[in-house]
Amino acid sequence: MEFELVEWSPKILVGLPNIDAQHRQLFELAATFGGDGDQIRVLKSLAMLTEYVKVHLREEEEMMAACHYPGLAAHRRLHAEFRRMLFDLLENAKQMTLDQIAEEVKFLINGWFYNHILVADFDYVPSVKAASCRAPVPVPD
């Protein structure tokens, strides 16, 4: 799938402060993959990004479930696809160059995830706001 690779911007603020903070943190983590680095640092950063994504997606799904969002099953499938892509990258990273890893992370966060926020996440926000459900507390640094 082709995506324009973009940086975090206010355009993807969904209006739920904790979710917005988590999204922004994902983009900040992804930005650490540019420039020089060694294989060990990059693999540690990739593992940290993977863990952060797991926490964010789980909390987002729990919030949607608590709000009885009707599109939850479809949204979970999108999250499962993203988890699979990230897991595949983690599995293959040892055989990849640092530049290849950085490009994959850019595709995942600055391409796929950015578009996911604009489409799928913006879709659940009215249900969450209407149900007055609470977004998850931000994940500590």
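The values are calculated or read from the model by the stated rules, or taken from the named source; none is laboratory data. Not measured: the values here are computed from a predicted model. Cβ sites come from the backbone with ideal geometry, for glycine too, and all protein chains shown count toward neighbours.
Quick look at the numbers
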| quantity | calculated |
| --- | --- |
| The stretch 42-66, residues that are of a type outside the set (A, V, I, L, M, F, W, C) and surrounded by fewer than 19 Cβ atoms within 10 Å (Cβ to Cβ) | K44, S45, T50, E51, Y52, K54, R58, E59, E61, E62 |
| Subset of the stretch 84-107 (residues that are of a type in the set (F, W, Y) and farther than 18 Å from E28 by Cα) | F87 |
| Residue ID - surrounded by the fewest Cβ atoms within 10 Å (Cβ to Cβ), chosen from residues in the stretch 124-141 that are at pLDDT 90 or above and out of contact with any helix residue (DSSP H, G or I) (no Cβ under 8 Å at 6 or more places or on another chain) | P126 |
| Tally, over the stretch 60-102, of residues that are in contact with a helix residue (DSSP H, G or I) (Cβ under 7 Å, 6 or more places away or on another chain) and of a type in the set (A, V, I, L, M, F, W, C) | 14 |
| Selected residue (only one of A102, A120, A130 is of a type outside the set (S, T, N, Q) and in contact with a Cys (Cβ under 9 Å, 6 or more places away or on another chain)) | A130 |
| Residue in the stretch 67-111 that is surrounded by the fewest Cβ atoms within 10 Å (Cβ to Cβ), counting only those that are farther than 12 Å from L46 by Cα and among the small types (G, A, S) | A73 |
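Residue by residue, here is whether (1) free of Cβ contacts under 8 Å to residues at least 12 places away in the same chain; (2) within 11 Å of the chain's Cα centre (by Cα) holds:
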| residue | (1), (2) |
| --- | --- |
| S9 | yes, no |
| A30 | no, yes |
| I40 | yes, no |
| L89 | no, no |
| M96 | yes, no |
